[in-house]
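Only one structure is covered here, and it is reproduced in the block below.
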């Protein structure tokens with residue numbers, strides 16, 4: 001019996017390789033954009049607000065694709081969405097690799113965002129339904145693949161930026177996406193219950209528990225959306241060179257990748273709602289500290305502490321969303337999660353990039369923390385179990 005169990009687990013893991021690989025490769029592509037944000041200003045003369053527009057357009061495109069395409073994964077089309085996402089991601093990187101004008105970078109980042117929104121819900125549905133008894137751990141593992149991509153992406157950006165110029169990393173990663181297509185083409189659909197018809201994910205917003213979970217998601221993604229431009233630009237303002245920014249991004253990703261499966265298991269054991277709230281409170285306190293710590297090295301050190309905290313907690317919010325819906329609506333719910341994430345991140349990017357330019361880093365991080373706690377408190381109230389559930 002034990003050998004049969006091991007065989008089943010081995011088969012499940014092998015079938016999930018295309019999903020892990022897609023997550024890793026697409027995260028690497030996104031991280032390369034993240035790591036080169038400062039170069040957009042230095043090499044092309046883009047303003048802080050223009051950089052915010054580029055990033056926000058990517059989030060907006062992810063919002064649209066995750067809402068429109070996620071229900072297809074609930075109907076057995078997850079492998080198709082993976083192939084589409086990787087192909088579109090490669091095209092986006094090629095545009096970024098040759099672009100010199102603002103509109104080209106907006107288009108490239110938007111296409112990359114659309115690709116991520118198409119693939120993400122399909123990946124999560126398959127991961128959740130492959131082993132429901134351990135879905136917390138499995139979400140942590142896909143999180144590890146995601147974060148590992150963010151570790152590799154900045155390294156690729158540094159190396160190819162030194163070899164060529166800041167366009168070169170995008171071209172190199174486009175080639176990588178093209179090379180993994182044969183493996184992606186072997187992806188298989190999950191065996192979970194499928195939706196009988198296409199259903200708009202927006203309808204899930206009628207459910208209080210879903211709304212509560214999504215408020216928790218929003219709280220966390222306020223932090224992520226603001227972190228991407230503000231943290232990198234603050235490093236640049238404190239005298240960091242491009243290679244130092246890329247190296248810092250790589251180092252802070254290691255604890256997230258290592259701790260994610262452990263954190264997912266713990267969140268499933270002790271409750272995703274409690275774990276999510278702990279994540280939000282912890283990240284908001286760390287955000288406040290960003291605005292007061294002086295110098296370059298202390299800022300990076302505190303960010304490393306934040307990475308440990310996120311590694312233990314960031315799988316809790318998708319777990320909350322998953323637990324709020326039935327099996328046949330998993331991709332739709334995760335698509336809604338992605339759409340809320342990117343919508344909040346887009347607004348946070350624009351708002352806090354503007355605030356950073358108009359004020360200073362201390363004011364900006366205080367505003368970020370206050371916004372996070374507001375969303376988190378609302379999510380805690382809405383997701384409170386009913387008397388029937390408690391009994």
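Among the residues of the range 270-300, what is the count of those that are touching a residue at least 12 places away in the same chain (Cβ under 8 Å) and either assigned to a helix (DSSP H, G or I) or within 12 Å of residue 315 (Cα to Cα) (or both)?
21
Can you confirm whether the range 244-254 contains a residue that is surrounded by fewer than 19 Cβ atoms within 10 Å (Cβ to Cβ), modelled with pLDDT of 80 or more and more than 24 Å from residue 366 (Cα to Cα)?
Yes.
Sort out for me the helices (runs of 4 or more DSSP H) sitting completely within the range 87-182 that have 2 or more residues that are under 24 Å from residue 245 (Cα atoms), modelled with pLDDT of 85 or more and touching a strand residue (DSSP E or B) at 6+ places or on another chain (Cβ under 6 Å).
none
For the range 348-366, enumerate the residues that are in contact with a helix residue (DSSP H, G or I) (Cβ under 7 Å, 6 or more places away or on another chain) and closer than 28 Å to residue 208 by Cβ.
348 - this is the single residue of the range 348-366 that is in contact with a helix residue (DSSP H, G or I) (Cβ under 7 Å, 6 or more places away or on another chain) and closer than 28 Å to residue 208 by Cβ.
The values are calculated or read from the model by the stated rules, or taken from the named source; none is laboratory data. Note that the structure is predicted; figures quoted are calculated from it, not measured. A quick note on method: Cβ atoms are made from the backbone with ideal geometry, for glycine too, and the neighbour counts reach across all protein chains shown.
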